[in-house]
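The structure appears below as structure tokens.
The values are calculated or read from the model by the stated rules, or taken from the named source; none is laboratory data. Being a predicted model, the structure only gives us computed values, none of them experimental. Positions of Cβ are generated from backbone atoms using ideal geometry, with glycine treated the same way; all protein chains shown enter the neighbour counts. Accessible surface areas use protein heavy atoms only, side chains included; no ligands, DNA or RNA. Shrake-Rupley method; radii C 1.70, N 1.55, O 1.52, S 1.80 Å.
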Amino acid sequence: MPEAIESTKVNNKPMNFKGKDFIQLADFSKEEILHMLDVAVELKSLQKQGKPHPYLSGKVLGMIFEKSSTRTRVSFEVGMLQLGGHAIFLSSKDIQLGRGESIHDTAKVLSRYVDGIMIRTFGHETVEELAEHASIPVINGLTDLQHPTQVLADLLTILEHKGKLEGVKMCYIGDGYNNMPHSLLEGAVKVGMDISIASPAGYLPDGNITEQAIEAAKQTGVSVTITHDPVEAIKDADVVITDVWTSMGMEAETEQRLKAFASYQVNEELCKHAKDDYIFLHCLPAHRGEEVTAEVIDGSHSVVFDEAENRLHAQKAILKLLLD
Ligand code: CP
Ligand code: NVA
């Protein structure tokens, strides 16, 4: 039997995630997100000590990919293996979904074979539809609107480097109408971080997600700033984040985006306005010379490879909590 995980309760309240979906961070309370991070820390410690932790022995995760991936695919697959289970890579190019089989039927069929489904797709409604019809947990591995597993790993990385989340100021510069800033908005305000986002006109974050984040921020007493001014956004930031200017599926807009975001590059000049000990995060893949300079992403403030590693540990926590 694997060791018992200590973090089974938060504030003496038992947490029950079994059978739930993981679609967006707004669906979880502050305590639940902190609990996921606690479990991630414990699983990371077990793995670093070389202690087996087969909590998901015999369990199988189906992983549907309608878009490319390096980190998400490998970290989920390795995570399932380290937890004693197995993952099946299902490219939409190969399965019948890609030839027009419905999400409804795919959800019903996979629910008869596997214990959980991870999906990376385009429309956010596809994940919601899959979750509605599946009788097993569904995990969002990125949609056009949200990238919640990445942001859980980002929070873990910030916690490790800053020693806390509450009171930390996060800033995001670049494409605001994008999966990363949306999930960052939801995650940051829930755990008590101030967040500021700077994007050009026409690329601000989704209105509904912003409104909900502002409401959630009232509960935790933090600030949400949405601006066109990168200097205003980055001022005194502890954490500086950017993402690609052209996300997957937007390739036809590349030229227009290069122009729109030209003055939103994260470079050393801009980062002078952040705190002296700021950390730089990027979910990767990155385009050096576009959204970030090599000096920043390869410099001493960058923690992007710790962040990439933490995908493994954060997702193992999600898998354990949902499937165990
Ligand atoms: N950050 C991230 O999701 O990377 P992949 O696209 O390689 O999975
Ligand atoms: N915003 C990026 C994230 C890649 C992990 C995209 O959707 O392509």
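List of remarks:
- Pairs with Cβ under 9 Å, 6+ apart, first in segment 153-168 and of a type in the set (Asp, Glu), second in a loop (DSSP other than H, G, I, E, B) and at pLDDT 95 or above: 154/283; 160/303; 166/192; 166/193; 166/222
- Matching option when the condition is under 18 Å from residue 179 (Cα atoms), in contact (Cβ under 8 Å) with a residue 60 or more places away in the chain and under 23 Å from the mean Cα position of the chain (by Cα), among 251, 307: 307
- Leading residue by the ranking (nearest to ligand 2 (Cβ to nearest atom)) among those in segment 36-52 that are in contact (Cβ under 8 Å) with a residue 24 or more places away in the chain and open to solvent by 10 Å² or more (accessible area, probe 1.4 Å): 44
Every residue, every condition in (1) open to solvent by less than 30 Å² (accessible area, probe 1.4 Å); (2) modelled with pLDDT under 95; (3) under 22 Å from residue 68 (Cα atoms), yes or no:
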| position | (1), (2), (3) |
| --- | --- |
| 273 | no, no, no |
| 279 | yes, no, no |
| 282 | yes, no, yes |
| 285 | no, no, yes |
| 291 | yes, no, yes |
| 295 | no, no, no |
| 298 | no, no, no |
| 312 | yes, no, yes |
| 316 | yes, no, yes |
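- Elements of type helices (runs of 4 or more DSSP H) in segment 234-320, at least 2 residues being in contact with a Ser or Thr (Cβ under 8 Å, 6 or more places away or on another chain) and over 29 Å from residue 167 (Cβ atoms): 254-260
One line per residue, one yes/no per condition, for (1) at pLDDT 95 or above; (2) in contact with an Asp or Glu (Cβ under 6 Å, 6 or more places away or on another chain); (3) away from ligand 1 (no atom under 16 Å from the Cβ); (4) assigned to a loop (DSSP other than H, G, I, E, B):
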| position | (1), (2), (3), (4) |
| --- | --- |
| 114 | yes, no, yes, yes |
| 122 | yes, yes, no, yes |
| 129 | yes, no, yes, no |
| 142 | yes, no, no, yes |
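- Here residue 268 clears all of (1) in contact with an Asp or Glu (Cβ under 8 Å, 6 or more places away or on another chain); (2) within 16 Å of ligand 2 (Cβ to nearest atom); (3) of a type outside the set (Val, Ile, Thr); (4) without any contact (Cβ under 8 Å) to a residue 40 or more places away in the chain except the condition numbered (2).
- Residues of segment 59-86 classified as closer than 19 Å to residue 131 by Cα and part of a loop (DSSP other than H, G, I, E, B), total: 3
- Of all residues in segment 167-205 being outside any strand (DSSP E or B), over 16 Å from residue 245 (Cα atoms) and among the charged types (D, E, K, R), the one that is least open to solvent (accessible area, probe 1.4 Å): 186
- Considering only residues in segment 271-282 that are more than 14 Å from ligand 2 (Cβ to nearest atom) and under 25 Å from the mean Cα position of the chain (by Cα), the one that is nearest to residue 183 (Cα to Cα) turns out to be 280.
- Exclusive hit being within 14 Å of ligand 2 (Cβ to nearest atom) and without any contact (Cβ under 8 Å) to a residue 24 or more places away in the chain, set 141, 100, 176, 123: 123
- Candidate set: segment 236-248, residues that are of a type outside the set (A, V, I, L, M) and either within 12 Å of ligand 2 (Cβ to nearest atom) or without any contact (Cβ under 8 Å) to a residue 60 or more places away in the chain (or both); chosen: the one most open to solvent (accessible area, probe 1.4 Å): 246
- Residue, nearest to the chain's Cα centre (by Cα), within segment 211-235, restricted to residues that are open to solvent by 70 Å² or more (accessible area, probe 1.4 Å) and not basic (Lys, Arg): 212
- The listed residue being open to solvent by less than 10 Å² (accessible area, probe 1.4 Å) and among the small types (Gly, Ala, Ser), out of 84, 100, 116: 116
- Count of segment 67-89 residues, restricted to those that are of a type in the set (A, V, I, L, M, F, W, C) and away from ligand 1 (no atom under 15 Å from the Cβ), is 4.
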